[in-house]
Amino acid sequence: MYFIVMEVASQNFALKGDIAYSKTQTRLETFENSYLVCEKGKSAGVFPRLPEAFAGFPLIDYTGRLILPGLTDLHMHAPQFSFRSLGMDLELLSWLEKHAFPEEAKYRDAEYARLAYGLLTEHLKRSPNTRFCIFATIHVPATVILMDLLEESGLVSMVGKVNMDRNSPDILREADAETSAAATREWLTALADRNYKNTYPILTPRFIPSCSDDLMAALARIQKHCAAAHSPRALPLQSHLSENQREIAWVRELCPEAGCYGDAYARHDLFGAEIPTIMAHCVWSGEEELRLMRSRGVYIAHCPQSNLNISSGIAPVRRFLDMGIPTGLGSDVAGGVHTSIFRAMTDAIGVSKLRQCLVAKDEAPITFEEAFWMGTLGGGSFFGKAGLPGNAGATGSFDPGYEFDALVIDDADLAAPFSLSVEERLRRTVYLSDDRHIVAKYVRGNLI
Ligand SMILES: [Zn+2]
């Protein structure tokens, strides 16, 4: 990739080029040869001619190139990046035992973490994604190293030290609820004097089977304590939900009093409402669970590539969208192999077609417009819900007021022997581009 190196003196500037973004969940807007203005790190809108008010802003001319919103990855496992693509032909349990658990255990070694997370961060800088919600491991020093590296990169992320005190391999199990909660408090304390601008903690119980009731109760206390101390800023939460049927049956045994899997989080006050929450997968969520998510504003991280590789099922995304449940896309590295959310968009369309063909004839496949929306504004809006400090807010749109995350794409080598509209060039870019097509990447108005 050949990022253009230039100093943008302030976060006030304008870009000129062919611009595309999602106006709504079902509608794309495109603008040929137009101006996109960044004012104090936020979009001031798209204009056919540069308005007088912005005439003094530096103009960066990307004529003939595409300008798109940055992409948001709502779900990935940082320690699994190192072995992505290995063992993809194994069945889930063998894959966990051979690759996932032994690799995650290595992060107790801070030097190993620094090496592995350094490779990950360099990779993410070059990717089309600008925002991330990330699982680290149970290890406090390694999690802080990851957060330091992400902060240095200029990318915006929420990162979680993982909690797991039961039903986990010995090498990855915290001794008991209090040990796990104490490590979480230690981690939050270590972050307090770091003054990150772009990196935020997110509570991360791995999933109900690996977290005892005592641990969930302790995490709820930590969450409430933070909410009280930093009001109105809430400590958000991420976890997994209803990925496969055996897991759901297991949760029913572990929490017989819960009405559904989601209710097992809700009973501990760790499921949306006041707490910005992301749940990954939701492949088998039933009516009761989906209604609970909608009423509490819980976000779903749809991970289509993981639906294929892990093969627990295909998530009913048409239902998520029709019900109005906030939904974004996740790479689920390393259940997914590719970090690019462009790839997640194309996989989301593909698996939704398979779902209609094989599982649910009455569920229409999702459209390109919907896939692009999920990968940009759908996931990017979570960063506005989380009430973050520093006037941080949602991204993924170029409407005025959204934080300015943008990609400039040189799609010249994706040309056709006939002329392509801006929308067709966008579709080509989503399906065919890679990191080498990215000419520039802006995050919160800063050139990465
Ligand atoms: Zn996951």
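Values for this structure:
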item	result
Inter-site label distance for ASP214 and SER94 at 7 Å from Cα along Cβ, in nm	3.8
Three-way shape label, the range 247-360, alpha-carbon gyration tensor, a/c 1.5	prolate
Residue order, fewest to most beta carbons within 10 Å, for LEU329, LEU308	LEU308, LEU329
The range 255-270 - phi-based ³J(HN,Hα) in whole Hz, Karplus 6.51/-1.76/1.60, Gly and Pro as x	10, x, 7, 6, x, 7, 4, x, 5, 5, 6, 4, 5, 9, 6, 10
Nearest-ten-degree value, helix 177-192 long axis tilted from longest Cα axis of the chain	30
Potential extension, ASP322-PHE101 segment - 0.36 nm per residue separation minus Cα distance	75.9 nm
Point-to-point label distance, LEU59-HIS123, nm (Cα→Cβ direction, 7 Å offset)	4.1
Cα-based radius of gyration of the chain once divided by 2.2 N^0.38 Å, which approximates compact folds	0.95
Which of GLU174, GLU32 has the fewest Cβ neighbours within 10 Å, and the rest in rising order	GLU32, GLU174
Contour excess over end-to-end distance, with Cα ends at ARG436 and THR26 and 0.36 nm allotted per residue	144.7 nm
Proximal lysines to LYS42, defined as alpha-carbon separation beneath 17 angstrom and excluding residues fewer than eight positions away on the same chain	LYS16, LYS23, LYS197, LYS385, LYS441
Order of HIS225, HIS437 under a 10 Å beta carbon neighbour criterion, fewest first	HIS225, HIS437
Global geometry of the range 68-203, whether rounded, prolate or oblate, following the gyration tensor of its Cα atoms and the 1.5 cut on a/c	oblate
The chain, helix-only ellipticity at 222 nm - DSSP H runs n ≥ 4, -39,500 (n - 2.57), divided by all residues, nearest 500	-10000 deg cm²/dmol
Prolate/oblate/rounded call for the range 138-273, Cα gyration tensor, a/c under 1.5 rounded	prolate
Cβ-based net charge around LEU321, under 12 Å, with every Lys or Arg adding one and every Asp or Glu removing one	-1
DSSP beta bridges in the chain [antiparallel fraction, %, rounded to 5]	45
Paramagnetic reach from ASN446 (point 7 Å along Cα→Cβ, amide N under 18 Å) across the range 39-55	39-43
Dipole moment magnitude, nearest 20 debye, the chain about Cα centre, only Lys, Arg, Asp, Glu C-beta charged	560
FRET E, pair ALA227, GLU423, Förster distance 25 Å, beta-carbon r, rounded to 0.05	0.05
FRET efficiency, TRP250 to THR189 (Cβ-Cβ, R0 30 Å, nearest 0.05)	0.35
For the range 151-221, size of Cβ-based charge dipole, Lys and Arg +1, Asp and Glu -1, in debye	240
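Where a number appears in this text, it was derived from the coordinates with a stated rule and is not lab data. From a predicted model like this one, the values you see are computed outputs, not experimental measurements. All Cβ positions, even for glycine, are placed from backbone atoms using ideal geometry, and neighbour counts span all protein chains on display.
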